[in-house]
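The values are calculated or read from the model by the stated rules, or taken from the named source; none is laboratory data. As the structure is a computational prediction, the values presented were derived from the model and not from experiment. Note that we place each Cβ from the backbone using ideal geometry, even for glycine, and neighbour counts take in every protein chain shown.
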Amino acid sequence: MILEHYLAFWLHPFGMYIRLDALSTIFLSLTVILGACVLIYSIRYVKEDRIRYYPLLILFLLSLSVTFTSADLLSFYIFFEISSFIAYLLIIHSRTRAAFRAGSKYIIMTFLGAASIFLAIILIHRQLGSYKFSALGELEVSGRSGLIRLIYVLFIAGCFIKAGIMPLHTWLPDAHPAAPSPISALLSGVTIKIGLYGIMRFLFSTGSLSRLAVSYSLIGFAAISMLAGAVLALLQDDAKRLLAYSSISQMGYVLLGIGVGTNLSLAGALYHSINHGLFKGLLFLCAGAVIRSTRMRNLSDLGGLRKRMPITGIVCLIGCLAISGVPIFSGFISKTLLSRSVEKFFCLKIVFLLTASGTFASYLKFYLFTFSGALPQGLTRVKEVSWSMLLPMLFLAGFSIFLGLFPDLILSKVILPAIAEISIFSSAVKFDQVNPLSALYPLILGGLIYYLGIRTKLFFIEESPLWQRTGSQFRKVSVDRFYTEVVAMIEKACLLFKNIERFSFNTHLLFILVFLTGLVMLLYFTPQGILFP
Amino acid sequence: MSNFPILIVALPLCFAFFISLLSLTKLNRFCGHLALLSVGVSFVLTLCLGPRILAGEKIAYSLGNWPAPLGINLLVDGLSYLLSLIFGLLVLLSVIYSLEDHKGKYFSLVLILYAGMNGVVFTRDLFNLYVFWEILSISAYILVVSPQPASLRASLLYLFLGSLATALFLLGVGIIYALAGTFDMDALAREIPVIWRTQPLAILLVGALFLVSLGIKSGLFPMYVWVPEAHSLAPTPISVLLSGAVLKIGIYIFIRLFLTLFRTEVSLEGLILYWGLISMVFGGCLALVQEDLKRMLAYSSINQVGLILIGIGLGTKLGMEGSLYHLFNHALIKGSLFFSAGMIIESTGKRRIRELKGNGIVPFFPRFSFLMGALAIIGVPPLNGFISKWLICRAAVERGNLIVAALILIFGIVAAVYYLKVVQNLFSVAKMCQTEKRQSSSIPWIKYTCLGTLLGGSLVFGLLPSQGLYLIREAVALIFP
Amino acid sequence: MSDKIALTLFLIGLYGLIAKKNLIKKVMGLNILTSGIVLFFISLGYEKGLTAPIMEKGITDVVDPLPQALMLTTIVIGVCITALALSLIVRIYRRYSSLDVKILTGEGDE
């Protein structure tokens, strides 16, 4: 069933449509579930500036919901932008220096992405005369292929920025740690899905997945994100940074599913979006609970909290197992679906294996460093967090297990209707003939990686001799640094340009005279006027 | 109702005279209220014209009952009405804002400024336009002077450039008179295509002179010098008027003269487009590296005026719609930005962006409205700046000019960078000490009403673009019938 | 002839405004520039052999009175601007003890 409604009071002459179909429903329910958890969790977590925090949070959830239910590109863009900006205000909620820096980076990159999407939308409107998703089907045949290709690139690049896909991800690992933990949970659980949702809607409405170039480039970026995200997650010391990098890697999974484009892979992608929303939300809430009670966020400072915070420890373990793809937890289902859909491609299988093991290793690190081992001196008086914080976490953990136990129910009731709406193929997807042992390879490899990492001290950036030798070299090639350099260069150029302010008044008057004579000459030599480009 | 145009212009002039007399007596403190009364009456009269103008009517008034080519005619059409509405609103709010701080002759100058602005947009006589323009300019030169000593030099700088501009304009008017023998715009609109066939070069010279003088007055790229100086050093309400209204006069005259009068084969579109583009880029880049809050706002005005010109230069109906809408929106947004910047500077005594950091003494409302204004000018929906930017971008794309659209969007992001820098400093954690808190002066509520009106306006015109488009429909119909 | 003089005056005024470093000389330049324009307007209406436009019987060849009338306005405006500029300069001189053009662009501020 598809519900569609025209909102007349808003943007009147241009129109705005709200539409609820199965695909929207998936993301909308994810927003609502996670939003409710975060609202409850925040009661005890956020202590300062609540008068600012709660209205913003509610606006944020509202705008996210409308983004997922908009039936036309324009309202999609509008709420995309609104939610991005509210997210900025929430990221800078602590108003510290670091938060501002992260927020600036986030907002600039998101606005860039939004601008790129906006340009694509305007171009689409010029081609089709309509903003509605349902009209997008004619885009392919509506004009020169160069223009159409440009539209694709602009739209998908904008969505990539929002989704944190690899070369455009640099806002993500800064913004997540800087934001309050419940907000990080929402950012990672829902907000970055907007990008992927946009790609899905756009590509399936235009039917352009049949283009091999689109498909291959999506797969390429997805593979880079998966691998690099997993590797970088392994090397982080800050708990929330680790989770953020892992989000990049998980978004890679979803993008891969979209890029492959078969029903099986789409089912995997959607399933993984739901799962990731739930268990990443859970993990961020756990990290928040740990940070709240210990006031520490570096993994190397933590340890032995299992006794002090038993419930948090258990739900965190569930989250870690779920994201690592251990059977009976939700991540196993979606990862299996995805890996079955790429069975034919050997390279992708390798990528899958490596990413899954990297993920497992990083979550081993996350869990073991926090909850097992010896309790550091300063943490002997740590207490379990209050029930209002535990309850949402327990709920999310339960949900993760539920999604892992009843895959066929979810597939048939939730995912397949959505795929039936967007996909051109119509073959049923069932979750059967799965060998739970197939999950063993990445787990074994992951354990090995973890062991090696500990032994070689690769995980401790400060202590590892290898890092001290090569770290500076690595930082030179980082994408983040490249962007920062570009921004610094622009600012330097503007500063150079600022010298024009120091010119004397006479020079400025001379400029005017020169301009006047130039104008007269110009008009004289081109009496037909300066032709429009 | 047909004598409303002259009333709207003459009432403030008469009151200006009385107020300057009143300021000599003991009733000095009532000058502001009297000014408020007269501006209010004028504004209400303007509003009363609304229904008829927006229904497509034009309201004409002949001074002394002399018919068109002989006497001076005042005519209110869609375009004049739109501008007059902006002026009325901004002047009213500025007078309200300055009720507490200023007295006496200041108000009579504001009234003269108001009368001059309305005169410029109503008159159909080229020389009369020049005279009104000078009237408003002279009062603007004087109004720039604030208690800050540096404002003296800003005022003189503005005076030099402004007088040069009006002198060039007058020269152009003279050449036109020599060619056509009339100052009446309707007659000129008929004459100039005829003259164009015999003496195109003279017309081109006039065009160049007009363009340069308008460029100076609206602060376009090579002749922008006065904008940052005057905007940043003037008293707050005057900055609002300069940025929201006085800069717009140049654009109004441009539209009036070049799009209704000089309808020749020369296409100025490309020139205007590139000029606007350069101004936008220049204003954006320099605003990025400003240290003074109000200076940054001034450069941002250059940026926005460039954007308005781009819309005009695209030469399509959609572009014109976007431009006029943005003209209206920019007046609202820049008004609220300058008002809140003024309040921030007033309450902290600091105007450097860096020094605003960690000031817990700025009241919440100015900070909030600065944030909203910044959002509107960056073009974040659902505020009004988004709608006009969207229209202009669409016009650019439909004209096939992707790069222009991309540049507009990129400079939206540049604007985000420099505005959010201020917002971050305003909202950074307060390090309040008791001594500082005592120093901060409380801001009277009446000033908040100014801010509230403008903010409400930008929200309404962002949420209901149909209302805004309704306002500018007649003006656009004038140019693209 | 008179329009050539007008042009010369205009250019002299422009030169004075642009090139001179002294603020008062700049004001003088502005004045000369304005008077050039005034002369130009007057020359538009003037023609040799025509009389003043006083409507008496028998006089038909009259000059165009409009430019002259308008120039009175321009002259008044010019005086106004000069007065304003000079008074500003007086206060600037008191503040900065200099009349150099560099003051205008902010040199000498604290």
Legend entry - Criterion: in contact (Cβ under 8 Å) with a residue 60 or more places away in the chain and either surrounded by fewer than 24 Cβ atoms within 10 Å (Cβ to Cβ) or on the phi > 0 side of the Ramachandran plot (or both) - qualifying residue of B:I353, B:I377, B:I387, B:I333: B:I353
Legend entry - Of all residues in the stretch A:510-533 being in a helix (DSSP H, G or I) and more than 7 Å from every other protein chain (Cβ to nearest Cβ), the one that is modelled with the highest pLDDT: A:V514
Legend entry - Residue match in the stretch B:282-299 (condition: away from chain A (no Cβ under 13 Å) and under 23 Å from B:A396 (Cβ atoms)): no
Inset, instruction - Would you check if A:T170 is under 13 Å from the mean Cα position of the chain (by Cα) and polar (S, T, N, Q)? - result: yes
Legend entry - Close pairs from the stretch B:125-146: first more than 9 Å from chain C (Cβ to nearest Cβ), partner aromatic (F, W, Y), Cβ under 7 Å, at least 6 apart: B:D125/B:F183; B:L126/B:F183; B:V144/B:Y158
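Checking the condition under 21 Å from A:V190 (Cβ atoms), more than 12 Å from chain B (Cβ to nearest Cβ) and of a type in the set (F, W, Y), which residue from A:F85, A:F133 passes? I'd like the intermediate steps shown before the answer.
Numbers: A:F85 fails: more than 12 Å from chain B (Cβ to nearest Cβ).
Going through A:F85, A:F133 in turn, just one is under 21 Å from A:V190 (Cβ atoms), more than 12 Å from chain B (Cβ to nearest Cβ) and of a type in the set (F, W, Y): A:F133.
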Inset, instruction - Give just the number: which of (1) more than 10 Å from chain B (Cβ to nearest Cβ); (2) over 20 Å from A:F204 (Cβ atoms); (3) of a type outside the set (G, A, S); (4) in contact (Cβ under 8 Å) with a residue 60 or more places away in the chain does A:R144 not satisfy? - result: (4)
Legend entry - Residue, surrounded by the most Cβ atoms within 10 Å (Cβ to Cβ), within the stretch B:23-48, restricted to residues that are among the hydroxyl-bearing types (S, T, Y) and more than 27 Å from B:L85 (Cβ to Cβ): B:S23
Inset, instruction - Under 9 Å between Cβ atoms, at least 6 apart or on separate chains: pull out the pairs that start in the stretch C:82-108 with a residue that is more than 9 Å from every other protein chain (Cβ to nearest Cβ) and end on any residue that is hydroxyl-bearing (S, T, Y) and part of a helix (DSSP H, G or I). - result: C:T82/C:T34; C:L99/C:Y93
Inset, instruction - Restricting attention to the stretch B:179-205, report how many residues are without any contact (Cβ under 8 Å) to a residue 40 or more places away in the chain and within 25 Å of the chain's Cα centre (by Cα). - result: 0
Legend entry - Evaluation of C:L66 against (1) surrounded by 20 or more Cβ atoms within 10 Å (Cβ to Cβ); (2) away from chain A (no Cβ under 14 Å); (3) hydrophobic (A, V, I, L, M, F, W, C) (one fails), failing number: (1)
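Looking at this structure, is B:G172 outside any helix (DSSP H, G or I), more than 9 Å from every other protein chain (Cβ to nearest Cβ) and modelled with pLDDT of 85 or more?
Working: outside any helix (DSSP H, G or I): no; more than 9 Å from every other protein chain (Cβ to nearest Cβ): yes; modelled with pLDDT of 85 or more: yes.
So B:G172 does not fit the description; no.
Here is a yes/no grid of residues against (1) within 14 Å of chain A (Cβ to nearest Cβ); (2) charged (D, E, K, R); (3) closer than 18 Å to B:L179 by Cβ:
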| site | (1), (2), (3) |
| --- | --- |
| C:D3 | no, yes, yes |
| C:A6 | no, no, yes |
| C:K25 | yes, yes, no |
| C:G29 | yes, no, no |
| C:S35 | no, no, no |
| C:F40 | no, no, yes |
Inset, instruction - Quick one: which helices (runs of 4 or more DSSP H) lie wholly within the stretch A:324-425 and hold at least 3 residues that are on the phi < 0 side of the Ramachandran plot, out of contact with any Phe, Trp or Tyr (no Cβ under 7 Å at 6 or more places or on another chain) and of a type in the set (S, T, Y)? - result: A:346-371
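Can you pull out the residues in the stretch A:304-313 that are in a helix (DSSP H, G or I) and in contact (Cβ under 8 Å) with a residue 60 or more places away in the chain?
Kept after step one, since they are in a helix (DSSP H, G or I), are these residues of the stretch A:304-313: A:305-308, A:310-313.
The answer is A:L305, A:R306, A:K307, A:R308, A:P310, A:I311, A:T312.
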